[in-house]
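The values are calculated or read from the model by the stated rules, or taken from the named source; none is laboratory data. All values derive from a computational prediction rather than experimental measurement. Here the Cβ positions follow ideal geometry from the backbone for every residue, glycine too, while neighbour counts run over all protein chains shown.
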Amino acid sequence: MPKLGLVVALVVLAASGFASATTADTPNPDWLRRVESGDVALKARPDPGGRGGSVRAMIDIAAPPDVVWRTILDCERAARMTPSVKRCTVLSRDPSGRGELREHVVKWGFLFPAFRSVSRLELDPQRRIAFRCVDGDINDCEGQWLLEPLDYGKATRVTYENRAQAPYGMPSGLTVIAMRRDVPAALRALRRESVAAAR
């Protein structure tokens, strides 16, 4: 993503230089006002090399971090939360619980063929999910989910970051359009599912 189950495949995109392009950006006051008002804050831009794009988004969720964490990693929910995700499969799990290998099959629309992405996840429970593509049609991607507890652990601020090379030589412009459309929708679905699971 990725990838919410997803986890993103969520939009399953990324590339090298991720940290300098995203995590170095500090949310400005407008971003925080938008998030605190219940909206999704998002910044997406084309890769300077014309090979893909990067996205950073943030949302507040009225559910504890452990619930949000489980929801992000729930493969069975992936297709329900992100219509472009057609299949999510956990291929292997590290016995320590700190890593997974996941496969996603994603289809953005009628005009595009389905594509497959295999990602390796590094898990820092209830705090961070880092992912990078290791096989499939997207062979250059990297990103992360960050979870920050709010209201003494009753709520969670979620930051999603991803930078990726587009599959099949897709132009950067189309990649960014897909990110701007799919990432906010997926984060709102994550909020809906997490709030429901917390009840």
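Here are the numbers for this structure:
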read-out: Out of 24, 15, sole residue that is aliphatic (A, V, I, L, M), modelled with pLDDT under 95, farther than 29 Å from residue 197 by Cα and within 17 Å of the chain's Cα centre (by Cα); value: 15
read-out: Any hit, the stretch 30-50, residues being surrounded by fewer than 14 Cβ atoms within 10 Å (Cβ to Cβ), farther than 28 Å from residue 198 by Cβ, over 17 Å from the mean Cα position of the chain (by Cα) and modelled with pLDDT of 85 or more; value: yes
read-out: Meets criteria (aliphatic (A, V, I, L, M), within 25 Å of residue 41 (Cβ to Cβ) and modelled with pLDDT of 95 or more) for residue 150; value: yes
read-out: Residues that are in contact with a Lys or Arg (Cβ under 7 Å, 6 or more places away or on another chain) and at pLDDT 95 or above, drawn from the stretch 57-82; value: 58, 59, 60, 61, 64, 71
read-out: Where a residue in the stretch 153-165 is within 17 Å of residue 34 (Cα to Cα) and its partner, wherever it lies, is of a type in the set (Gly, Ala, Ser) and in a strand (DSSP E or B), with Cβ under 7 Å and at least six apart; value: 160/57
read-out: Strands (runs of 3 or more DSSP E) wholly inside the stretch 51-157 containing at least 1 residues that are closer than 30 Å to residue 174 by Cα and among the aromatic types (Phe, Trp, Tyr); value: 115-124, 128-136, 141-150
read-out: Selected residue [at pLDDT 80 or above, farther than 22 Å from residue 125 by Cβ and not basic (Lys, Arg)] from 185, 166; value: 185
